[in-house]
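The values are calculated or read from the model by the stated rules, or taken from the named source; none is laboratory data. All of these numbers come straight from a predicted model, not from anything done at the bench. With ideal geometry, Cβ positions are generated from the backbone for all residues, glycine too; neighbour counts draw on all protein chains shown. Quick note on the areas: whole protein, heavy atoms, side chains included, nothing else; ligands and nucleic acids left out. Shrake-Rupley method; radii C 1.70, N 1.55, O 1.52, S 1.80 Å.
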Amino acid sequence: MTSVKRSLFRNPVALAAAAASLGALLVINVIAALRGLDSPWLLGAAIIADVLTVGAGVLVAAREVMVADRRTGAAQARLSAIVDSAMDAVITVDGEQRIVLFNRAAEQVFGLRRESVLGSPLERLLPARFRGMHRGHIATFGQTGVTS
């Protein structure tokens, strides 16, 4: 949303013009509602102005979503590059303990390709003798929010 803030809300002339336009639109709508069918041209003009205003709002909102998506993608790419360049193995799991992130160092430590482990259970990487204990730790953390 910073692009809208930069372009509109920090420019007093644009802000005044937008406020004046919305104020005029409000006045036109009130007059059109009061005069009703006595002035069908005014009702039509008010409807057209309303549709144009809503359309402009939709275009601005769509642009902001696209800008936010682009910024999010760039931030994710930066984070991915940082995690991938880490010297330590970094593994992230989701709520179901499935691997969602596996960096290059983790590939070297475990001797597995990232593509082969993404989406698989974390237990795959644990020695069999620790799997039950790990399940218990995860269950306790889920209930208490405390790690040991």
Across (1) open to solvent by less than 50 Å² (accessible area, probe 1.4 Å); (2) in contact with a helix residue (DSSP H, G or I) (Cβ under 6 Å, 6 or more places away or on another chain), ASP88 clears everything bar (1)
I'd like to check something: does region 23-37 contain any residue that is of a type outside the set (A, V, I, L, M, F, W, C), modelled with pLDDT of 70 or more, exposed (fewer than 10 other Cβ atoms within 10 Å of the Cβ) and part of a helix (DSSP H, G or I)? no
What do you reckon, is PHE141 more than 33 Å from the chain's Cα centre (by Cα), open to solvent by 60 Å² or more (accessible area, probe 1.4 Å) and not small (Gly, Ala, Ser)? no
Exactly one of ARG98, ARG129 is among the charged types (D, E, K, R) and in contact with a helix residue (DSSP H, G or I) (Cβ under 8 Å, 6 or more places away or on another chain), and that one is ARG98
Check your understanding: Mind checking whether some residue in region 65-84 is open to solvent by 100 Å² or more (accessible area, probe 1.4 Å), within 21 Å of the chain's Cα centre (by Cα) and in contact (Cβ under 8 Å) with a residue 24 or more places away in the chain?
Key -> no
